[in-house]
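Q: Sharing a structure, written as structure tokens. Questions coming.
The values are calculated or read from the model by the stated rules, or taken from the named source; none is laboratory data. Bear in mind the structure is a predicted one, so any value in this text is a computation, not a measurement. Cβ placement follows ideal geometry from the backbone for every residue including glycine, while neighbour counts extend to all protein chains displayed. The protein model used for the area step is the full one, side chains on, heavy atoms only, and it has no ligands, DNA or RNA in it. Shrake-Rupley method; radii C 1.70, N 1.55, O 1.52, S 1.80 Å.
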Amino acid sequence: MFLKVSLILAAMVAAYVIANGPLKLSVELAMVFAAIVGAVASGNWLPLRHIAEGSSTYLDLALIFFTATLFMNVIKASGGLDLVVRGILSRFGDKRAVALILLMFVMLIPGALTGAGSVSVLVSGGAVAMALTYLGVSKDRITAMIFLLAGLAAVAPPVSVWAMLTCAGTAIPYVGFELPLGIPVLILGTFTVMWLGLRPTESMGDEAMALPEVGPEVSGWRTALPFVVVFSLIVASRVWPHSMPILGLPLIFLVGAIVAYALNFRKIDFFKLSSETVSQLLPLLATVISIGIVIQLMTLTGVRGLISYAVIAMPLWLVFTLLPITIPVSEGILGFGGAAVIGIPLIWMLNSVGLHPTVALSGLSLLWCLGDALPPTAIIGRLTCQTVGFEDNYSTFLKTCAVPWLAITVVGTLMVIFSRELSFLVRA
Amino acid sequence: MSRHVLAKLTTAIVMLAVLIIGGQELYAHRHYEEPVVLGPGVTRVERLSDYFEPLRGTMNDSVVYVLEGEEEGGKAFIFGGSHPGEVAGTLAAIVLVENAVVRQGTLYIVPHMNRSGSTGTQPSGGYPLYYHIDTAFGSRKFRMGDRVTHPLDQWPDPDVYIHYPSGQSLSYVEIRNSNRCWPGRPNGTLTEQTNYAAMELIRKHDVNIAVDFHEAELMYPVTNCIVAPSKSASIATMAAINLSIDFDIHTEPSPPGYRGLSHREIGDHSDAYPFLIEVPEPFLDQPTGPKTESLLLEGKDEILMRAGDKGLLFVEFDESGKPIELRVGRHLSTTMSLLEEWNNFSPDLQISIEAPDYYDLMDNGVGAFLRDPDTADPSMVVFD
Ligand SMILES: [Zn+2]
């Protein structure tokens, strides 16, 4: 069985290389193509049912991407972002460190509440990018900062998506994660904004001067209210979980978009804006749908099981040494599937050698969030480039991330290795 | 039309065709009804909606088989399919319905506790849609299921699931996990309402013991065991000791701080003594070969065996695998051993049954204890 599954994996890799190279298919189509080749090679012919079923895996995520972006696009079109940027800068523009820390929280909160780094990028990314431009931070650094903060936001409590997904699969209760996740996120977030933002790399202020004038019809409350509505709905579902109907994030963002649309006095063509949002998000939506199909076909052929085995079968010292690579790369290849394919067996393995699962899982979460910048999927990395308007080479963006990336890697890996010693962070 | 538009259009049409053709198989699976032949012990057939009306007509209006003895005695609520992908639980419940005879006391049996979850498989899971058990008269076909309630029946999920009534936060997917939604509530989600109906059954009939059939990964420390809260612990321990002559089994305490599980909440919210039985199902493990029907039923896997060689598994695992007759047999013998201990513990509320046990299953297979729905009296066949 080993040999057969390994050959299928080899066929998939070859098919991907050919599809993405000579055949010039996009990353998404090439991945699906490779997975189908794997399925055919394993004797499953054309498993249409599996393709259909797999494509629905991340439907919710796709809906959140769309509705959150639509929400932000309405705000943007109504001039609200200009106002937010002016607000932050007029008050704290001269206290650089304070402004940076404030901007960090603006980035961290949406992702911490929803568990989705993408929501941080989509909700706060645009405004924060503008503010950073005004502060004289160059575009590559802005892109790096927004990506890294969005990743840390997804890791931050109360909702940490990788920890929760792994907990769900391992029957470890999702409790006691506040400090093991919160403390490193705050330290690493502060380090990231200071490292990348404290020293101006461009001339300051020009861009903001060039901002369109904020007309009198764009008032503070009119910009704030849609955000207030969205956050109130999220918070209300936490405070009164058993009396509030479950709206789900897609509907919450849609309500926010409608409120923003109803409040603004500028003429917005809602239909046109919606269809523009779809075109803007098409590559991302294609990615999440393709990953679902790919994971399903990889499970069907046994390739997923083989990869999962390869990760846990190594000697412990090698597992630790390779964590900074295996964890982010699994996220880069499988999207959130990485938590299931590798996270679940890995946590059981670490648990069985006496490490503390809660702290170890917190450390792994820090590593997972980095993977969202890695190809082939690079979901959040690409979303950030798109939101910020970073058009330079993608590798330039990755290089700019290097030092904070390293810091996050070191902290995450050490948290796994020394999870037992750090278990005092977990309050029962 | 430009080449670009043409390519987009072609992709869209191909994808639509895939969704329609592939979707038909999923539709057929969701609406496939398993025949169950009423055995000699069944005296009544009820539904969960008899205990909580709003469930009527929903996907989770599961069938409750009642087996009443001639003599009155204690009452047991036995259920499988809380996690519909853990098929030995459902099969063990069906084998009881089709074979068990009750001498004293009453059994309430629900093979599909979360029926909705059995009407779809896990997206990205690559599961087979059905599994077939060979019998002397041909094969019996059953639905393979997901771990959680089907999203078509309960959607959307919140961004975090907050358990009722404890307020403990769990991953959003757990809001559709039947075994994180105990004790349920009347105005909650479909999953919570389903569990509430079961709690109503337990409370209305003063059920004495509740047994929840599960299967677990071999990499999961809690397998080959009976999970019990402190009130049920002595019964569980005695049962495990008696069973340890037949197979490897131990008891696990139900952690007081981990809420929403049957072995915790049923005991806390009723007078019943809850037990949850785990048997090993290699199909559920991550490091396995293809997720095929034979992996599900024979439970043999080379990749998982290698993981076992490296000491990563919590149960012994070799070429003989963990076949379905072993898993179903373990559930049956463990249940009977629990009933025996219950009888010692509470002599005035005896529950005495006759049913196939571990050795019967190991010698004859599951198929030997399934009846032929085609030759049975149609009034004795229930579609579930
Ligand atoms: Zn289970």
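Q: Label 7 Å along Cα→Cβ of A:Arg420; segment B:214-250 residues with amide nitrogen under 19 Å?
A: B:221
Q: Moving on. Report, in debye and to the nearest 20, how large the dipole of chain A comes out about its Cα centre when Lys and Arg carry +1 and Asp and Glu carry -1 on their Cβ.
A: With Lys and Arg at +1 and Asp and Glu at -1, about 320 debye.
Q: When only C-alpha pairs under 8 Å and at least 6 residues apart count, what is the relative contact order of chain A, in percent?
A: On the way: 624 pairs, mean separation 107.2, N = 428.
Over chain A, the number comes to 25 percent.
Q: Just the ratio, please: alpha-carbon radius of gyration of chain A over 2.2 N^0.38 Å, N its number of residues.
A: Numbers: Rg = 21.9 Å, N = 428, 2.2 N^0.38 = 22.0 Å.
Computed over Cα atoms of chain A, the ratio equals 0.99.
Q: Further, regarding this structure: Estimate the FRET efficiency between B:Ala136 and B:Val381 by the formula 1/(1 + (r/R0)^6), using the beta-carbon distance for r and 25 Å for R0, to the nearest 0.05. Let's see the in-between values first.
A: Values: r = 18 Å, r/R0 = 0.71.
So, using R0 = 25 Å, E works out to roughly 0.90.
Q: Cα axis of helix A:139-155 to longest principal axis of chain A: angle in degrees, 0 to 90, nearest 10?
A: Taking Cα atoms only, the helix is inclined about 60 degrees.
Q: Starting from the Kirkwood Rh over alpha-carbon pairs, what translational D in µm² s⁻¹ does chain B have by Stokes-Einstein at 10 °C and 1.306 mPa s? Walk me through the intermediate numbers first.
A: On the way: Rh = 21.3 Å.
Translational D for this selection: 74 µm²/s.
Q: If you build a Gaussian network model of chain A, linking Cα atoms that sit under 10 Å apart, which residue out of A:Gly302, A:Gly335, A:Gly256 swings the most?
A: A:Gly302
Q: Still on this model: At 0.36 nm per residue, and after removing the present C-alpha to C-alpha distance, how many nm does the segment from B:Ala28 to B:Asp318 gain when stretched out fully? Mind dumping the intermediate values first?
A: Working: separation 290, 0.36 × 290 = 104.40 nm, distance 3.63 nm.
The B:Ala28-B:Asp318 span can extend by a further 100.8 nm.
Q: If you don't mind, another one. Rounded to the nearest 5, what is the percent of antiparallel bridges among the DSSP beta bridges in chain B? Walk me through the numbers on the way to the answer.
A: Working: 25 of 47 bridges.
Around 55 percent of the beta bridges assigned by DSSP in chain B are antiparallel ones.
Q: Right, another one. All other residues with a Cβ under 14 Å from the Cβ of B:Val148 taken together, and with Lys, Arg as +1 and Asp, Glu as -1, what is their net charge? Write out the running numbers ahead of the final one.
A: Details: positive: B:Arg115, B:Arg147, B:Arg176, B:Arg180; negative: A:Asp60, B:Glu86, B:Asp146, B:Asp153, B:Asp157, B:Glu174, B:Glu192.
In short, -3.
Q: From Cα pairs below 8 angstrom and at least 6 apart in sequence, can you work out the relative contact order of segment A:268-388, rounded to a whole percent?
A: Details: 90 pairs, mean separation 32.9, N = 121.
Averaging sequence separation for qualifying contacts and normalising by length gives 27 percent for segment A:268-388.
Q: So what does log10 I(q)/I(0) come out to for the protein assembly as shown at q = 0.09 Å⁻¹, using the Debye formula with one equal point on every Cα and no solvent?
A: Result of the Debye calculation: -0.88.
Q: In Å, what Rg and Dmax follow from the Cα atoms of segment A:24-140?
A: Gyration radius and largest Cα-Cα distance of segment A:24-140: 20.7, 66 Å.
Q: Express as a percent, rounded to the nearest 5, the fraction of DSSP beta bridges in segment B:56-161 (both residues included) that run antiparallel.
A: Working: 10 of 16 bridges.
Given both bridge residues lie in segment B:56-161, the antiparallel proportion sits at roughly 60 percent.
Q: Over chain B, what is the relative contact order in percent, taking alpha-carbon pairs closer than 8 angstrom and at least six residues apart?
A: On the way: 857 pairs, mean separation 73.1, N = 384.
Computed over chain B, the figure is 19 percent.
Q: Could you please report the charge total around B:Ala376, scoring K, R as +1 and D, E as -1 over all other residues with beta-carbon less than 13 angstrom from its beta-carbon?
A: Details: positive: B:Arg140, B:Arg371; negative: B:Glu98, B:Asp372, B:Asp374, B:Asp377.
Once positives and negatives cancel, what remains is -2.
Q: Check the straight Cα-Cα distances from A:Lys272 and name the lysines below 23 Å, setting aside those fewer than 8 residues away within the same chain.
A: A:Lys76, B:Lys8
Q: Rounding to the nearest 10 and keeping the result within 0 to 90°, find how far the Cα-based axis of helix A:80-92 lies from the longest principal axis of chain A.
A: On a 0 to 90 degree scale, this one is about 80.
Q: Taking amide H positions as placed in the peptide plane 1.01 Å from N, state which residues far from B:Arg147 in sequence (5 or more) or on other chains have amide H under 5 Å from it.
A: Hits under the 5 Å cutoff: B:Gly85.
Q: Tell me which lysines have Cα within less than 26 Å of B:Lys231's Cα, excluding those fewer than 8 residues away on the same chain?
A: B:Lys75, B:Lys204
Q: Can you give the % of DSSP beta bridges in the protein assembly as shown that are antiparallel, to the nearest 5? It would help to have the intermediate numbers written out before the result.
A: Numbers: 25 of 47 bridges.
Bridges in the protein assembly as shown that DSSP calls antiparallel: roughly 55 percent.
Q: Can you sort B:Glu192, B:Glu302 by solvent-accessible area, 1.4 Å probe, largest first? Kindly include the intermediate steps, with their values, before the conclusion.
A: Numbers: B:Glu192 5, B:Glu302 75 Å².
Listed by decreasing accessible area, they come as B:Glu302, B:Glu192.
Q: Right, something else. Which residues in segment B:95-114 place their backbone N less than 20 Å from a point set 7 Å from the Cα of B:Lys204 along the Cα-to-Cβ direction?
A: B:105-114, by backbone N distance to the label point.
Q: I need the peptides B:167-174, A:233-240, B:376-383, A:355-362 ranked by packing, meaning the mean over residues of other C-beta atoms within 10 angstrom, with the highest value on top.
A: Values: B:167-174: 20.5, A:233-240: 15.1, B:376-383: 11.8, A:355-362: 25.0.
Highest mean packing first, the order is A:355-362, B:167-174, A:233-240, B:376-383.
Q: Say each of B:Val222 and B:Asp246 gets a label point 7 Å from the Cα, pointing the same way as Cα to Cβ; how far apart are those two points in nm?
A: 2.3 nm
Q: Over the C-alpha atoms of segment A:318-428, what are the Rg and the largest Cα-to-Cα span, Dmax, in Å?
A: Considering segment A:318-428 through its Cα atoms, Rg and Dmax are 15.0, 47 Å.
Q: Okay, next question. Given the DSSP H assignment, sum -39500 (n - 2.57) over each helix run of at least 4 residues in chain B and divide by its residue total; what's the result at 222 nm in deg cm²/dmol, nearest 500? Please list the in-between numbers first.
A: Working: 9 runs with 117 residues, N = 384.
My calculation for chain B gives -9500 deg cm²/dmol from helical runs alone.
Q: Mind giving me the FRET efficiency for B:Asp268 and A:Ala10? R0 is 45 Å, r the Cβ-Cβ distance, nearest 0.05 is fine. Could you put the intermediate results ahead of the total?
A: Details: r = 53 Å, r/R0 = 1.18.
Efficiency at R0 = 45 Å is approximately 0.25.
Q: Shifting gears a bit: For the interface of chains A and B, what total accessible area is buried with a 1.4 Å probe, rounded to the nearest 100 Å²?
A: Values: alone 18480 and 16440 Å², together 30160 Å².
Approximately 4800 Å², summed over both chains.
Q: Any idea what the alpha-carbon Rg over 2.2 N^0.38 Å comes to for segment B:298-351? Please report the intermediate quantities before stating the final value.
A: Numbers: Rg = 16.9 Å, N = 54, 2.2 N^0.38 = 10.0 Å.
Rounded to two decimals, the normalised Rg is 1.68.
Q: If you don't mind, there's one more thing I want to ask. How much accessible area does A:Trp405 have with a 1.4 Å probe, in Å² rounded to the nearest 10?
A: 50 Å²
Q: Taking a probe of 1.4 Å, how large is the accessible area per residue of chain B, in Å²? If you can, show how the numbers build up before the last one.
A: Values: 14070 Å² over 384 residues.
Roughly 37 Å² per residue, with all protein chains present.
Q: Using C-alpha positions alone, give me the convex hull volume of segment A:52-99 per residue in cubic angstrom. Working shown, then result.
A: Details: hull volume 4.3 nm³, N = 48.
Here the figure is 89 Å³ per residue.
Q: Convert 25 °C to kelvin, take the viscosity as 0.890 mPa s, use the Kirkwood radius over C-alpha pairs of segment B:1-98 as Rh, and evaluate the Stokes-Einstein diffusion coefficient in µm²/s, rounded to a whole number. Show your work: numbers first, answer last.
A: Numbers: Rh = 17.5 Å.
The Stokes-Einstein estimate is 140 µm²/s.
Q: Do any of A:Lys95/A:Lys139; A:Lys24/A:Lys399; A:Lys4/B:Lys322; A:Lys4/B:Lys300; A:Lys4/B:Lys291 go past 19 Å between their Cα atoms, and which? Don't skip to the answer; put the middle values down first.
A: Details: A:Lys95/A:Lys139 21 Å; A:Lys24/A:Lys399 26 Å; A:Lys4/B:Lys322 22 Å; A:Lys4/B:Lys300 16 Å; A:Lys4/B:Lys291 14 Å.
Correct reply: A:Lys95/A:Lys139; A:Lys24/A:Lys399; A:Lys4/B:Lys322.
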